[in-house]
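No value in this document is a laboratory result; all are computed from the given coordinates. On a predicted model such as this, the values are computed, not experimentally measured, just so you know. With ideal geometry, Cβ positions are generated from the backbone for all residues, glycine too; neighbour counts draw on all protein chains shown.
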Ligand SMILES: C[S@@+](CC[C@H](N)C(=O)[O-])C[C@H]1O[C@@H](n2cnc3c(N)ncnc32)[C@H](O)[C@@H]1O
């Protein structure tokens, strides 16, 4: 794939770090205008990828190359237009075009399959759906006002939108589960959950991370907490886990209260959804509910100093335009915890872009 934006080339510093990947040095950098053009075309590439993900093209190619006519028939699309989409993706290394307008999978296309453990298909769909794409079209509104473009686009906040739009909610929850699959293995490897009796996953979505942790730690029992409509969808997903019998489901609103009696409360991609005031309400509710000696564990991408390419710094813009939250630096987390009566004890990096940020009662 020649899109330097994703590969880590940065003509300004010749060395970037994308979390898990090691630093990449580049001998010959593209001229600035060419590099900038690649960045500009990123949204076109992303939206074209959405089409392939939504149509399940990678799944159709699992048994071998197929002609664009066969793919168009299978996906109920216009063959000449689908050809142009697949040709564009093949030019980026996603799929490869063979003689006779046939297309085949490439290593980069593999994570677009639905049936692989590191599937990003649902993430690609979430990124491109019109209700999400339209929000990004209003990014300037967020930058001018400091307010969420989601609210401006849909007339309500993200999570009440999902409550009223079950199909969109399903897309979102599946995308979050995919992100969790990628992060969970890294979190389990980096952080020792062994001494925990009851782990409460606050706003744990469909339970992908919680069940992953419980499967790796047979003595830990879990509580999955989220909004009622999310918990309703989580039961079926959790049932497929070997750890299902150790999961208790609780629904509710974390701005009101959270389940009591846990000795650890984990939150992945939660505090970053909210401004400081609302994040503080959640943290204070947890502090009130946890057992004496309990701990809070946040799984978030910490913003680093410097100009290296950084997944968290782009995700931060998604937080700005969609939920109206933000990614934070280590010091910002320390200060937030302190305001909630918690002491940040350590930050455990993982092999993913996320760290486990640990705190205990002050
Ligand atoms: C970005 S998702 C993260 C989900 C999950 N932790 C993960 O990483 O896959 C945010 C979650 O917060 C939940 N949520 C939003 N508002 C909530 C509230 N007031 N009370 C409880 N959960 C809430 C959403 O339903 C959603 O599952």
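A few points about this structure:
- Three-way shape call for the chain based on the alpha-carbon gyration tensor, with the a/c threshold at 1.5: prolate
- Relative contact order for the range 130-361, counting Cα pairs under 8 Å that sit 6 or more residues apart, in percent: 20 percent
- Ellipticity estimate at 222 nm from DSSP helix runs (n ≥ 4, -39,500 (n - 2.57)) divided over the chain, nearest 500: -13500 deg cm²/dmol
- Simple spin-label estimate for residue 244 and residue 348 in nanometres, 7 Å along Cα-Cβ: 2.8 nm
- For residue 157 and residue 251, the difference between the fully extended length at 0.36 nm per residue and the C-alpha to C-alpha distance is 31.9 nm.
- Computed from Cα positions, the angle between helix 79-91 and the longest principal axis of the chain comes to roughly 70 degrees.
- Stretched out straight at 0.36 nm per residue, the stretch from residue 284 to residue 192 would grow longer than its current Cα-Cα span by 30.7 nm.
- Inter-label distance, residue 143 to residue 110: 3.8 nm, where each label sits 7 Å from its Cα along the C-beta direction.
- Hypothetical label at residue 87: residues of the range 48-66 whose amide nitrogen lies under 19 Å (7 Å Cα-Cβ projection): 48-52, 66
- Counting every other Cβ atom within 10 Å of each residue's Cβ, 269, 60 order from fewest to most as 60, 269.
- Exposure proxy ranking, count of Cβ atoms within 10 Å, fewest first, for 161, 172, 103: 161, 172, 103
- Between the Cα long axis of helix 311-321 and the first principal axis of the chain there is an angle of about 80°, rounded to the nearest 10.
- C-alpha long axis of helix 42-55 to longest principal axis of the chain, angle in °: 90 degrees
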